[in-house]
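The values are calculated or read from the model by the stated rules, or taken from the named source; none is laboratory data. Here the structure is a predicted model, which is why all the values come from computation and not from measurement. Cβ placement follows ideal geometry from the backbone for every residue including glycine, while neighbour counts extend to all protein chains displayed.
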Amino acid sequence: MKSRRLQWTAPQEVAAEVRAWFESGVEAIDLEPIERAVAEGGDAALLELTSRFDAPNAVSLELAVSGGDARAALGGLEPALREALEVSIANVRLVAEAQIGEERTVELPQGQLVTVGKAPVGAAGIYAPGGRASYPSSVIMGCVPARVAGVDRLVLVSPPGPDGRIDPTTLAAAALCDVDEIYAVGGAQAIFALARGTESIRAVNVIAGPGNAWVQAAKRAVFGEVAIDSLAGPSDLTVVFDGDTDLRLVALDLCAQAEHGAESPLVAISVNGGDLDALAAEVDAVAATQPSVEDCRLALVEVPSTAEAIDLVNQTAPEHLQLMDTASAGMVSQIATAGCVFVGSASATAFGDYIAGSNHILPTNGTGKSFGPVSPDTFRRSTARVSLTTASASALADPLHALARAEGLPVHGLSAMARGKDEQNSDS
């Protein structure tokens with residue numbers, strides 16, 4: 001683990017230093033060749049890119065994965081693993097269902113009615129990462145809220161392994177989530193296919209799911225053509241702790257996050273520099289015994305007070321935030337930007353990643369200041385219906401006419417005045 005102590009100055013300055021250090025080794029991304037290949041080559045380009053990046057050992061490749069393959073994968077699961085998937089799905093569904101609001105009608109003073117609500121989009125695409133690891137949990141986190149939202153057509157894309165096949169547990173999770181279409185394709189090319197369509201993949205309305213920097217860059221590129229959840233990846237974790245916190249728990253949580261890849265930023269914050277030194281040694285000890293832990297960067301920040309720790313957190317907007325000491329946990333209501341907050345030493349991020357019921361598709365790279373977790377709202381669009389009577393039209397026509405004249409759009413005013421004419425004439 002590469003750790004670095006940062007000197008305290010002010011929350012904004014330290015946040016900028018943390019970001020600069022984590023971004024210093026990030027590769028430049030040029031999406032244009034992939035974007036052009038998918039636009040020009042469609043399915044053939046997806047297959048060629050999949051063979052190049054994900055499945056070099058495959059004898060043959062197919063984009064579409066049958067529902068039968070998913071059901072067969074489900075049937076082949078060990079009972080304990082199937083039960084774990086079902087518990088996760090049930091908990092995520094319960095939380096998602098609690099987030100669905102009903103349509104509401106407001107009667108305004110002039111008598112008109114405005115009905116507001118949300119309606120599901122027609123089609124959603126869920127990206128489940130693959131490559132160095134499989135993520136059936138991401139299938140659950142994306143697909144369950146989409147189903148609760150009422151999406152009609154649910155599409156899953158996931159990069160296959162070297163043999164050209166999607167991980168069986170990922171397929172089994174897709175079967176449990178009633179996914180309609182599954183495609184063995186990943187990376188930026190999968191995002192472009194979902195957004196714009198190919199011969200086999202019809203375009204969707206919303207794309208959600210975590211992924212590497214290439215996936216997130218592609219999501220950014222298609223935002224506006226389709227809706228996206230957020231820029232979710234690479235994963236990150238910030239922990240606030242003190243001398244009374246079990247350092248092994250903190251180290252395990254940081255190393256667990258490091259399993260997502262070497263590009264995952266890790267931050268530990270404490271009011272005591274000695275605690276930070278002790279934690280760095282504990283992290284190295286845990287990492288040395290766990291081959292799955294990548295060589296991530298760990299920023300160690302000593303802060304003057306817990307209040308300034310909270311200020312720093314709000315500046316960095318971490319994806320996952322663990323408040324592991326009593327003082328910071330008592331200030332949880334002041335957290336305004338974190339993707340998901342875990343309060344208390346028992347509340348490890350790992351529970352949120354898998355089975356607690358919260359969603360693990362969260363904004364990263366500081367975008368929590370503008371985005372939130374995936375929820376049914378990710379897959380629903382706001383709607384409004386307006387109903388005016390002649391009386392309410394008459395009451396609103398004159399002020400509307402004045403506004404329209406001020407904007408240089410007089411026919412807007414004439415349109416409104418014509419609706420209120422009958423009421424005005426009946427009063428004269």
Considering the stretch 261-272, residues that are in contact (Cβ under 8 Å) with a residue 60 or more places away in the chain and in a loop (DSSP other than H, G, I, E, B), and then whichever is surrounded by the most Cβ atoms within 10 Å (Cβ to Cβ), we arrive at PRO265
Does ASP295 satisfy the criteria of being in the same structural domain as SER347 (by TED's automatic domain parsing) and more than 30 Å from ILE207 (Cα to Cα)? yes
Result of the Cβ filter at 9 Å on the stretch 54-73, keeping first residues that are within 17 Å of VAL38 (Cβ to Cβ) and partners that are hydroxyl-bearing (Ser, Thr, Tyr) and surrounded by 15 or more Cβ atoms within 10 Å (Cβ to Cβ), at least 6 apart or interchain, is LEU61/THR50; LEU61/SER51; LEU63/THR50; LEU63/TYR183; LEU63/THR198; LEU63/SER200; ALA64/TYR183; ALA64/SER200
Considering the stretch 191-210, residues that are at negative phi and either in contact with a His (Cβ under 8 Å, 6 or more places away or on another chain) or not aliphatic (A, V, I, L, M) (or both), and then whichever is surrounded by the most Cβ atoms within 10 Å (Cβ to Cβ), we arrive at PRO210
In the set LEU279, LEU194, LEU249, LEU298, the lone residue that is under 20 Å from ALA350 (Cβ atoms), assigned to a helix (DSSP H, G or I) and in contact (Cβ under 8 Å) with a residue 40 or more places away in the chain is LEU249
Here the residues within the stretch 81-116 that are in a loop (DSSP other than H, G, I, E, B) and either within 20 Å of GLY142 (Cβ to Cβ) or among the aliphatic types (A, V, I, L, M) (or both) are ALA98, GLN99, ILE100, LEU108
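Based on this model, can you work out whether ARG381 counts as surrounded by fewer than 16 Cβ atoms within 10 Å (Cβ to Cβ) and of a type in the set (Lys, Arg)?
yes
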From the option list ASP163, ASP152, single residue qualifying as touching a Gly at 6+ places or on another chain (Cβ under 6 Å), surrounded by fewer than 17 Cβ atoms within 10 Å (Cβ to Cβ) and in contact (Cβ under 8 Å) with a residue 24 or more places away in the chain is ASP152
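Yes/no matrix, rows are residues, columns are (1) among the β-branched types (Val, Ile, Thr); (2) outside the structural domain of VAL59 (by TED's automatic domain parsing):
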| site | (1), (2) |
| --- | --- |
| ILE166 | yes, no |
| THR169 | yes, no |
| ALA175 | no, no |
| PHE192 | no, no |
| GLY197 | no, no |
| ALA217 | no, no |
| ALA256 | no, yes |
| GLU259 | no, yes |
| VAL267 | yes, yes |
Among LEU61, LEU47, the single one that is closer than 28 Å to ALA195 by Cα, at pLDDT below 95 and not assigned by TED's automatic domain parsing to the domain that holds ILE355 is LEU61
The correct count of residues that are surrounded by 22 or more Cβ atoms within 10 Å (Cβ to Cβ), more than 21 Å from ALA346 (Cα to Cα) and of a type in the set (Gly, Ala, Ser) in the stretch 218-243 is 4
If we keep only residues of the stretch 88-118 that are touching a residue at least 24 places away in the same chain (Cβ under 8 Å) and of a type in the set (Val, Ile, Thr), then the residue nearest to ALA393 (Cα to Cα) is VAL114
Restricted to the stretch 166-191 and to residues being without any contact (Cβ under 8 Å) to a residue 60 or more places away in the chain and touching a Lys or Arg at 6+ places or on another chain (Cβ under 8 Å), the residue nearest to GLY122 (Cα to Cα) is ASP180
From the option list ARG71, ARG19, ARG5, single residue qualifying as touching a helix residue (DSSP H, G or I) at 6+ places or on another chain (Cβ under 6 Å) and not polar (S, T, N, Q) is ARG71
